[in-house]
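Encoded as structure tokens, the structure appears first; notes follow it.
The values are calculated or read from the model by the stated rules, or taken from the named source; none is laboratory data. Quick caveat, the model's predicted, so the values are computed rather than measured. Cβ sites come from the backbone with ideal geometry, for glycine too, and all protein chains shown count toward neighbours. We work out accessible area using only protein heavy atoms, side chains counted, and drop any ligands, DNA or RNA first. Shrake-Rupley method; radii C 1.70, N 1.55, O 1.52, S 1.80 Å.
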Amino acid sequence: MTEISMAQALNAALRDAVKDDDRVLIFGEDVGPLGGVFRVTDGITADFGEERCFDTPLAESGIVGFAVGMAMGGFRPVIEMQFDAFAYPAFEQITSHVAKLRNRTRGALSLPMVIRIPYAGGIGGVEHHCDSSEAYYTHTPGLRVVTPGTPQDAYDLLRDAIDSPDPVIFLEPKCRYWSKEPVSFTRDGAAMDRAVVRREGKDVTLIAYGPMVATALETAEAATAEGWDVEVVDLRSLNPFDDETVTASVRRTGRAVVVHEAARFGGYGAEVVARVTEQCFHQLHAPVLRVTGLDIPYPPPKLERHQLPDVDRILDTVARLQWNDEPVVAGA
């Protein structure tokens, strides 16, 4: 095992995929000689040639449309949208064609393609560079949506996504690109559509994904000072959703908090709360609560600390889980 960053793990996954499968092509804005804004594709063009990793014009809809045609022709394109909100011009291609072509052709055609999207905040960026846009994609039938929370998962999930016969939206948490851990390249981790328990506990389950996994784990450690033994579940796959792992955890602990950066209203966490409540109602000791970003456009860099969920906000929410049978204040 080698200690590398999440960005390096993604680079390794792309390199291994290109080396192992001649059908894999990488393209997008500045992914060629520059290696991408975050250097995730660093050195791949130099090592494998411009026919395997190349730049495109600044036209996201065209990038996705081109990838659709290549996937229909038997290739496995891996494309980069550069930043989360930069993908919006391609949204029609994704929802109308990428997600629907298999159904439209009654299974005659599939689209084995990956759309890599660096997403979420925490890097001091401005609007159009820090959106948490996962709910748009998870609400679209026909797409797989995954997001790694660790360097190991970055490698494993990207390799699995490239091998998948289905189109995959691959959301990369920008603020975790530089986080490091020992990474194995044996691909013997959990399946792509399974959640994992990152930390076992008995009092409450924190449900997180992508950039908030590390924050949830930090919170779990801090919670010991309050006498709470916190379990942390990393969803990994946002769609399909692993009901089995999540509900098993909540049934054990009897309490749950969902954490994500995206806005609260209509956010992905609302679906998680609904599923957990429907399936674990008789085991719950308190309503399932959420810690989220604010219902505002992404703020300027100097104010983003107020937008992002942190340890204190999560602990404050855990404290509201009716530990002494006190009522939960609605909307708090």
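The residue of the stretch 270-328 that is nearest to Ala135 (Cα to Cα), among those that are aromatic (Phe, Trp, Tyr) and surrounded by 14 or more Cβ atoms within 10 Å (Cβ to Cβ), is Tyr298. Would you check if Met6 is open to solvent by less than 20 Å² (accessible area, probe 1.4 Å) and either touching a residue at least 24 places away in the same chain (Cβ under 8 Å) or of a type in the set (A, V, I, L, M, F, W, C) (or both)? So Met6 fits the description; yes.
In the stretch 35-146, counting only strands (runs of 3 or more DSSP E) that sit wholly within it, the ones holding 2 or more residues that are free of Cβ contacts under 8 Å to residues at least 40 places away in the same chain and surrounded by fewer than 18 Cβ atoms within 10 Å (Cβ to Cβ) span 53-55. Scan the stretch 23-34 residue by residue and report those that are free of Cβ contacts under 8 Å to residues at least 24 places away in the same chain and either within 18 Å of the chain's Cα centre (by Cα) or crowded, with 19+ Cβ neighbours inside 10 Å (or both). Of everything in the stretch 23-34, just one residue is free of Cβ contacts under 8 Å to residues at least 24 places away in the same chain and either within 18 Å of the chain's Cα centre (by Cα) or crowded, with 19+ Cβ neighbours inside 10 Å (or both), namely Gly32.
For residues in the stretch 150-166 being part of a loop (DSSP other than H, G, I, E, B) and more than 19 Å from Ile4 (Cα to Cα), which is least open to solvent (accessible area, probe 1.4 Å)? The extreme case among them is Ser164. Can you find a residue in the stretch 9-22 that is open to solvent by 10 Å² or more (accessible area, probe 1.4 Å) and not in a helix (DSSP H, G or I)? Checked against the condition, which is being open to solvent by 10 Å² or more (accessible area, probe 1.4 Å) and not in a helix (DSSP H, G or I), the stretch 9-22 yields at least one hit. Conditions: (1) at pLDDT 95 or above; (2) in a loop (DSSP other than H, G, I, E, B); (3) not aromatic (Phe, Trp, Tyr). Leu206 meets all but one. Number of the miss? The single condition Leu206 does not satisfy is (2).
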